[in-house]
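Have a look at the structure below before the remarks.
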C-alpha cells in the first residue's frame with residue numbers, strides 16, 4: 001500500500017508480509033525488511049518495537065483516506081493511496097461533498113469580536129472569516145479554501161463553542 | 001500577628017497547586033475555590049476543602065471579590081493567597097481582605113496603587129536614585145519641549161500614549177523631523193480616542209534584554225533580593241523561557257543592580273514578594289521599568305538557584321515574621337531554566353488549543369521540576385490563561401540545565417491539545433541561545449518559527465515508518481477481529497488484542 005506524509009510528496013510503500021501470531025510481524029517498507037514486535041494493542045492503540053526502537057501509536061479519529069496519528073508525542077497526518085481511495089476521492093469531488101469542506105468551524109471556544117466578511121464575499125484560502133477572543137488572546141478563524149461566503153452563522157459579541165460552524169462557503 | 005492556620009487560594013491551575021503544597025508543608029489547612037469549568041481540576045482535588053465560586057467566566061468566578069471574601073469568612077480562612085493574574089494586583093481586593101480581618105498575602109493596597117501607575121512609579125524611582133529609561137518625566141503637551149527631551153535622550157525615541165497598552169499607540173521616531181510630524185498625528189489620535197493628548201517620550205532601546213530581580217521585604221522593613229532572572233526569550237511581550245542566573249550578569253553587577261532593586265522596594269514601602277523589572281542594553285546599562293506586585297510565574301528558577309521556598313517565605317512574612325536571612329547569607333548555586341508550556345499551537349500562529357487531555361507524560365529525573373495542573377484525563381479550559389505547565393530544569397551550570405531541558409522536553413507528551421513544546425525544542429538547540437547571545441526580539445530575528453517547522457518535517461521523516469506500521473497494524477486488527485467474530489460467534493470476544 002502507498003502512503004504519503006503530510007507536507008511531503010514522497011510516497012512510501014509498505015506491506016505486512018507475515019504475522020506469526022505471537023506478536024512477531026514482518027513488514028517491508030520501501031523495499032527494506034523490518035521486524036515488528038507487538039507489545040500491546042487495542043482497537044486504536046499500539047505499542048511495539050520496530051527494528052530496535054520502542055513506539056507508542058494511537059490512531060486518532062481519521063477519515064477513510066487520511067489518518068491522524070499520535071506517535072511518541074507528536075501528531076502526523078498520513079494519506080493512504082490505493083485504487084479504492086482514488087475512486088472514493090473522485091466520486092466525492094464530483095458530488096462536491098469532499099470532507100464536508102464547505103463548513104468553516106471554530107477549533108476553539110471563544111467570543112466573536114469581529115466578523116471580517118459579508119454574505120457573497122469572495123474569499124481565498126487563509127482569509128480571516130471571524131476573529132475570536134479566547135484565553136485573553138485574539139485569534140482569527142481562517143478559511144481553509146477559496147470560495148464565496150454563503151451564510152455567516154455568528155454575530156459580533158456572540159460566543160461559539162468548539163467545532164461550531166461559523167460560516168458556510170460555496 | 002496571629003499564625004495562619006487556614007489559607008484560601010483565590011486562583012486555579014498550577015499556581016493554586018503550588019500554594020496548596022506550601023500549605024501542606026507548613027501544616028496549614030488549604031481551601032480552594034473553583035468555577036463550574038474547573039470542578040474536576042487539580043486544585044479542587046488536592047485542597048483540604050473546596051468551594052464553588054460560580055460560572056466559568058472569570059468575571060463571575062475568580063474575579064468575584066465579594067464571593068471570595070464571603071467563602072473565606074464562612075470557611076474560617078485567616079489568609080488569602082491570590083497567586084498571579086486574577087486579583088493578585090487588585091488593590092480593592094487587598095483592601096477588602098484587610099477590612100474583613102483576613103491577611104492578604106501580598107503588598108498593601110497603597111503600594112499596589114503606586115506600582116500600577118507607571119508615571120507615578122517612575123517619579124518615585126527617580127527620587128530614590130533608581131535609573132529609569134531616559135525620556136520625559138510625565139506627559140508632554142508641547143512639541144518644543146518634546147524636541148528638547150528627545151534630543152537629550154538621543155534618537156531613536158518612542159512616542160507613547162499614556163492610555164495605550166499592549167503595543168498600541170506607540171510610534172518609533174528617528175529624528176527631529178519625524179518627531180514633529182508624528183507628534184501632531186499621535187496627539188490628534190489621542191485626542192480623538194481619549195479626549196485628551198497624553199503623550200510621553202521614552203528612549204528606544206535596541207538589542208535589549210529583559211532582566212528582573214526577585215525581591216522580598218518583611219513588615220519590619222528588611223528587604224532582600226534573590227538575584228536575577230533573565231526573561232528575554234519572549235513572543236509578543238509574553239515570556240517563553242526564563243533563566244537564572246543571566247549570562248550577562250556577573251557577581252559585581254548582580255550586587256549593584258540587586259541593591260538598586262531593594263532600594264526600589266523600599267521607596268514603595270513594599271511588603272512581601274515582588275519583582276523589579278529592568279531593561280538592559282548592550283552596554284550593560286539597566287533601566288527600571290516596573291515592579292510586579294505579586295509572585296511571578298517564573299519564581300521556581302529563583303527557588304532552585306537560591307534554595308529558598310518563596311511561597312513559604314510569603315506566608316511567613318504575611319504572618320509578621322522577620323526574614324530569617326541576611327543579604328550576604330543568600331548564595332547562588334548552579335543554573336536553572338524554565339520553559340513555559342502553553343496550550344497554544346505554535347504552527348498556527350499560537351492559537352489557543354483547548355479540550356480534553358486523555359493522556360500525558362510528565363518528565364522527571366535528575367534536576368527536573370514540573371509545576372503543572374495536567375493529569376491524564378484532565379481538561380484544559382478555554383476560559384483562562386493558556387499556561388498549562390512550567391518545565392524547570394537545574395544543572396551545575398547553564399549547559400547541564402539546558403541538556404536536561406532538552407531531554408525533559410522530549411519526555412513531555414501531552415495528548416489531545418497542541419502546546420508550545422515544539423518551539424522550546426527548537427530554541428534549546430539554538431547556537432545563539434546556547435552562547436547566551438539573546439534579546440527580546442530573538443524569535444523574530446532568528447527565524448525560530450521557520451526552524452521549528454523544519455524540525456517538525458525532520459521528525460515526521462523519523463517517525464514515518466513507525467506511524468505507517470501503526471496503520472497496517474490497525475487494518476490487520478480489523479481484519480482479524482472480523483474473521484474471529486465470524487468464526488467464533490458463540491465463543492468469547494477478542495476485544496482488546498488479537499494475539
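The values are calculated or read from the model by the stated rules, or taken from the named source; none is laboratory data. Bear in mind that the values here come from a model prediction, so they are computed numbers and not experimental data. Backbone-built Cβ (ideal geometry, glycine too); neighbour counts: all protein chains shown.
Numerical summary
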| read-out | value |
| --- | --- |
| Sole exception among (1) farther than 17 Å from residue B:277 by Cα; (2) over 27 Å from the mean Cα position of the chain (by Cα) for residue B:170, by number | (2) |
| Search result, residues across the stretch B:231-242 that are closer than 19 Å to residue B:273 by Cβ and crowded, with 24+ Cβ neighbours inside 10 Å | B:231, B:242 |
| Flag if residue B:351 is touching a helix residue (DSSP H, G or I) at 6+ places or on another chain (Cβ under 6 Å) and not assigned by TED's automatic domain parsing to the domain that holds residue B:26 | no |
| Failed item in (1) at pLDDT 95 or above; (2) in contact with a helix residue (DSSP H, G or I) (Cβ under 9 Å, 6 or more places away or on another chain); (3) part of a loop (DSSP other than H, G, I, E, B), with residue B:325 passing the rest | (2) |
| Hits in the stretch B:179-235 (condition: touching a strand residue (DSSP E or B) at 6+ places or on another chain (Cβ under 7 Å) and farther than 30 Å from residue B:253 by Cβ) | B:179, B:182, B:183, B:186, B:187, B:190, B:198, B:199 |
| Some residue of the stretch B:11-28 being part of a strand (DSSP E or B) and touching a helix residue (DSSP H, G or I) at 6+ places or on another chain (Cβ under 8 Å) | no |
| The stretch B:131-149, residues that are at pLDDT 85 or above and not in a loop (DSSP other than H, G, I, E, B) | B:132, B:140, B:143, B:144, B:145, B:146, B:147, B:148, B:149 |
| Residues satisfying the stated conditions in the stretch B:48-83, i.e. under 22 Å from residue B:5 (Cα atoms), within 23 Å of the chain's Cα centre (by Cα) and part of a loop (DSSP other than H, G, I, E, B) | B:82, B:83 |
| The stretch A:137-164, residues that are assigned to a strand (DSSP E or B) and either within 12 Å of chain B (Cβ to nearest Cβ) or under 17 Å from the mean Cα position of the chain (by Cα) (or both) | A:137, A:138, A:139, A:140, A:141, A:142, A:159, A:160 |
| Exclusive hit being more than 16 Å from residue A:106 (Cα to Cα), touching a residue at least 12 places away in the same chain (Cβ under 8 Å) and loosely packed, with under 13 Cβ neighbours inside 10 Å, set A:147, A:120, A:126 | A:120 |
| Selection status of residue B:461, surrounded by fewer than 16 Cβ atoms within 10 Å (Cβ to Cβ) and not assigned by TED's automatic domain parsing to the domain that holds residue B:42 | yes |
| Within the stretch A:44-77, tally of residues that are at the interface with another protein chain (Cβ under 7 Å from one of its Cβ atoms) and on the phi > 0 side of the Ramachandran plot | 2 |
| Single unsatisfied condition, residue B:303 versus (1) in a loop (DSSP other than H, G, I, E, B); (2) touching a helix residue (DSSP H, G or I) at 6+ places or on another chain (Cβ under 9 Å) | (1) |
| Enumerated helices (runs of 4 or more DSSP H) restricted to the stretch B:331-445, each holding at least 2 residues that are away from chain A (no Cβ under 14 Å) and within 20 Å of the chain's Cα centre (by Cα) | B:398-411, B:442-445 |
| Cross-chain or 6+ apart pairs with Cβ under 8 Å, the stretch B:459-471 first and at negative phi and more than 7 Å from chain A (Cβ to nearest Cβ), then surrounded by fewer than 23 Cβ atoms within 10 Å (Cβ to Cβ) and not in a helix (DSSP H, G or I) | B:461/A:5; B:461/A:8 |
| Given (1) surrounded by fewer than 22 Cβ atoms within 10 Å (Cβ to Cβ); (2) touching a strand residue (DSSP E or B) at 6+ places or on another chain (Cβ under 8 Å); (3) farther than 30 Å from residue A:61 by Cβ, index of the condition residue B:448 fails | (2) |
| Identity of the residue in the stretch A:8-31, at pLDDT 90 or above, surrounded by 14 or more Cβ atoms within 10 Å (Cβ to Cβ) and over 30 Å from residue B:453 (Cα atoms), that ends up farthest from the other protein chains (Cβ to nearest Cβ) | A:26 |
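For every residue, the table says whether it meets (1) in contact with a strand residue (DSSP E or B) (Cβ under 6 Å, 6 or more places away or on another chain); (2) closer than 20 Å to residue B:244 by Cβ; (3) within 14 Å of another protein chain (Cβ to nearest Cβ); (4) surrounded by fewer than 23 Cβ atoms within 10 Å (Cβ to Cβ).
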| residue | (1), (2), (3), (4) |
| --- | --- |
| B:276 | yes, yes, no, no |
| B:290 | yes, yes, no, yes |
| B:299 | no, yes, no, no |
| B:306 | yes, yes, no, yes |
| B:309 | no, yes, no, yes |
| B:316 | no, no, no, yes |
